[in-house]
Amino acid sequence: MDFRNEFVIPFSGLSIGNHQFTFKIDDKFFDNFEYSEIKKGNVNVMLRFEKQEQMLILDFDIRGTIQVICDRCLDTYDQPIAGKERLIVKFGEEAEEESDEIIIIPVGQFQLDVSQYIYEYINLLLPIRLVHPEDENGKSLCDPEVIKKLEELSVKKTTDSKWDILKNIKLNE
């Protein structure tokens with residue numbers, strides 16, 4: 001059975017109004033996306049699906065944790081994610097993406113696969129820089145051996161003292 005079947009919403013059979021869908025996102029979900037940097041996660045997606053006469057409005061509420069690799073020490077850790085996204089689906093002649101939030105699907109289409117949108121929204125919720133959080137004392141939870149080795153290998157920047165006087169020049173006066 002294709003994993004995406006559970007993410008297909010047959011909206012033609014739904015009455016006009018609001019409908020609720022819930023999706024449990026786990027490791028199997030990310031395995032089905034080729035080249036996915038995310039391999040493990042535990043995410044709950046609540047979808048409020050509003051069917052109108054001329055369009056569909058999908059409000060995603062995404063909450064959970066994703067296992068990521070720390071950019072600093074290369075160890076894995078669980079990154080919490082939470083956010084809300086909206087997708088507006090209009091009907092037209094052919095499929096196209098009007099903007100990040102609005103898509104157009106052909107008039108005859110009767111179902112919508114939301115798996116790709118969920119995957120993209122999860123990726124957008126990740127911070128740009130993935131680094132272990134700090135503990136309650138403000139100390140990094142990164143691997144201490146790796147941090148020590150990085151400090152040993154880092155190049156110490158030295159300045160030439162004859163140029164230090166130029167730092168005191170005030171250019172705005």
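Here are some notes:
- Checked against (1) at pLDDT 95 or above; (2) farther than 30 Å from E134 by Cβ, V43 passes all but condition (2).
- Within the set V114, V131, V146, the sole residue that is surrounded by 11 or more Cβ atoms within 10 Å (Cβ to Cβ), hydrophobic (A, V, I, L, M, F, W, C) and either under 30 Å from I9 (Cβ atoms) or touching a helix residue (DSSP H, G or I) at 6+ places or on another chain (Cβ under 7 Å) (or both) turns out to be V114.
- Filter pass, I165 being without any contact (Cβ under 8 Å) to a residue 40 or more places away in the chain and under 30 Å from K40 (Cα atoms): no
- None of F49, F21, F60 is within 12 Å of Y119 (Cα to Cα) and either within 14 Å of the chain's Cα centre (by Cα) or at pLDDT 95 or above (or both) except F60.
- Those strands (runs of 3 or more DSSP E) of the stretch 1-116 in which 2 or more residues are in contact (Cβ under 8 Å) with a residue 24 or more places away in the chain occupy 17-25, 40-51, 55-69, 76-92.
- Condition met for L125 (surrounded by 10 or more Cβ atoms within 10 Å (Cβ to Cβ), touching a His at 6+ places or on another chain (Cβ under 8 Å) and aliphatic (A, V, I, L, M)): no
Per-residue answers, yes or no, for (1) aliphatic (A, V, I, L, M); (2) out of contact with any helix residue (DSSP H, G or I) (no Cβ under 7 Å at 6 or more places or on another chain); (3) surrounded by fewer than 18 Cβ atoms within 10 Å (Cβ to Cβ):
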| residue | (1), (2), (3) |
| --- | --- |
| R4 | no, no, yes |
| V8 | yes, yes, yes |
| F30 | no, yes, no |
| M46 | yes, yes, yes |
| L56 | yes, no, no |
| I62 | yes, no, no |
| D71 | no, yes, yes |
| P80 | no, yes, yes |
| G83 | no, no, yes |
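The values are calculated or read from the model by the stated rules, or taken from the named source; none is laboratory data. Because the structure is predicted, anything quoted here is derived from the model rather than measured. Glycine gets a Cβ as well: all are built from the backbone with ideal geometry, and neighbour counts include every protein chain shown.
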